[in-house]
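Just below is one structure, and these are the notes that go with it.
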């Protein structure tokens, strides 16, 4: 197996784990659990099917791309990684701008995910 494929898969797995950490940290904020019980998620609004679907997609997408990074041929693999990583950054920025909720821990996790997405783009772009 090619080294680049493994690097890309690991970077996507990092993003999936970071996303999990993001939600776990969000539940540790004082009052967050009471909000969840009342049907609200801090910075994300009312807990409904649409929100749960969005969270599920945010968890599944990086894991799916990690798997695809290992099995796809180089030519398509490169573009899948670049396009999904750009989309990942855009969705993250849109969430940050719309949520109205910021904590240092969440900003740190977000920054790490942006750096990792940039590394994915860079690695895929330089792939010969």
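The values are calculated or read from the model by the stated rules, or taken from the named source; none is laboratory data. None of the values given here were measured: they were computed from a predicted structure. Cβ: placed from backbone, ideal geometry, glycine included. Neighbour counts: every protein chain shown.
Quick look at the values:
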| read-out | value |
| --- | --- |
| Residue 13 assigned to a helix (DSSP H, G or I), out of contact with any helix residue (DSSP H, G or I) (no Cβ under 8 Å at 6 or more places or on another chain), modelled with pLDDT of 95 or more and surrounded by 12 or more Cβ atoms within 10 Å (Cβ to Cβ) | no |
| Test: residue 50 is part of a helix (DSSP H, G or I), farther than 22 Å from residue 126 by Cβ and within 18 Å of the chain's Cα centre (by Cα) | yes |
| Breaking point among (1) in a helix (DSSP H, G or I); (2) at pLDDT below 95; (3) out of contact with any helix residue (DSSP H, G or I) (no Cβ under 6 Å at 6 or more places or on another chain), for residue 6 | (2) |
| Number of the exception - residue 16 against (1) more than 16 Å from residue 118 (Cβ to Cβ); (2) more than 11 Å from the chain's Cα centre (by Cα) | (2) |
| Given (1) closer than 20 Å to residue 110 by Cα; (2) touching a helix residue (DSSP H, G or I) at 6+ places or on another chain (Cβ under 7 Å), index of the condition residue 77 fails | (1) |
| Every residue from the range 80-108 that is in contact (Cβ under 8 Å) with a residue 12 or more places away in the chain and farther than 20 Å from residue 45 by Cα | 80, 81, 82, 84, 85, 86, 88, 89 |
| Complete set of residues in the range 19-36 that are touching a residue at least 60 places away in the same chain (Cβ under 8 Å) and either loosely packed, with under 15 Cβ neighbours inside 10 Å or in contact with a helix residue (DSSP H, G or I) (Cβ under 7 Å, 6 or more places away or on another chain) (or both) | 19, 21, 22, 25, 26 |
| So residue 89, is it exposed (fewer than 14 other Cβ atoms within 10 Å of the Cβ), modelled with pLDDT of 95 or more and within 30 Å of residue 127 (Cα to Cα) | no |
| Output for the range 61-78, where each listed residue is surrounded by 11 or more Cβ atoms within 10 Å (Cβ to Cβ), part of a helix (DSSP H, G or I) and free of Cβ contacts under 8 Å to residues at least 24 places away in the same chain | 64, 68 |
| Sole exception among (1) modelled with pLDDT under 95; (2) over 15 Å from the mean Cα position of the chain (by Cα); (3) buried (at least 18 other Cβ atoms within 10 Å of the Cβ) for residue 58, by number | (2) |
